[in-house]
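Structure, as structure tokens:
The values are calculated or read from the model by the stated rules, or taken from the named source; none is laboratory data. These numbers come from a predicted model, not from an experiment. Here the Cβ is made from the backbone with ideal geometry for all residues, glycine too, and neighbour counts use every protein chain on show.
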Amino acid sequence: MRITKVTIIRKTSPLNQNINDLLLRFGESLGLFSSRDKDKSCYRIFIVLLKALKLNIELTSDELADKTKLTRGTIIHHLNHLIEAGIVTSERGKYFLNVRNLEDLVSQMRDNVNAVFDDIQVLAQKIDDVLELN
């Protein structure tokens, strides 16, 4: 069984911001970047992976570390978080976003969340039956 952890945070702010503000809001809304990440390490990694997606290339953790000026340990920590969120895939020691674009990412996450709620609803029905709450 593959486990994907999804966090959704509803943020309200104007959409007429610059591209960096929009990308930061996008990632924060999906729970990708936390307020504990003071130097925006995960955001920086996400941006490099997004640029790599546009160029259709995959990157090693060393290449990510070089491009972001972060330690390899920091890179691995955040990559594991992004993998757990179902956004990044690793194959043959290279990392990449597993979608064609950000809109596909949102659709993929929506499908995953809907599937989880469908499973939870079936569980709720079984529990209601056992407890005779119907």
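Return the residues of the stretch 90-111 that are under 16 Å from K5 (Cβ atoms) and loosely packed, with under 13 Cβ neighbours inside 10 Å; say none if nothing qualifies. Across the stretch 90-111, the qualifying residues are R110, D111. Filtering the stretch 75-129 to residues that are β-branched (V, I, T) and either closer than 15 Å to G31 by Cα or not in a helix (DSSP H, G or I) (or both) leaves I83, I87, V88, T89, V99, V106, V113. When the stretch 1-42 is filtered for residues that are closer than 18 Å to Q108 by Cα, modelled with pLDDT under 80 and surrounded by 15 or more Cβ atoms within 10 Å (Cβ to Cβ), the ones remaining, listed by number, are T4, V6. Taken as a whole, the stretch 61-71 holds no residue that is exposed (fewer than 11 other Cβ atoms within 10 Å of the Cβ), among the hydrophobic types (A, V, I, L, M, F, W, C), over 17 Å from the mean Cα position of the chain (by Cα) and not in a loop (DSSP other than H, G, I, E, B). Criterion applied to L53, L24, L64, L59 was being touching a Phe, Trp or Tyr at 6+ places or on another chain (Cβ under 8 Å), free of Cβ contacts under 8 Å to residues at least 24 places away in the same chain and more than 25 Å from V116 (Cβ to Cβ), and the one residue passing it is L24.
Restricting to the stretch 43-52, name every residue that is surrounded by 14 or more Cβ atoms within 10 Å (Cβ to Cβ) and among the charged types (D, E, K, R). Within the stretch 43-52, R44 is the sole residue that qualifies. Residues in the stretch 72-126 that are touching a residue at least 60 places away in the same chain (Cβ under 8 Å) and under 16 Å from C42 (Cα atoms): 3 in all.
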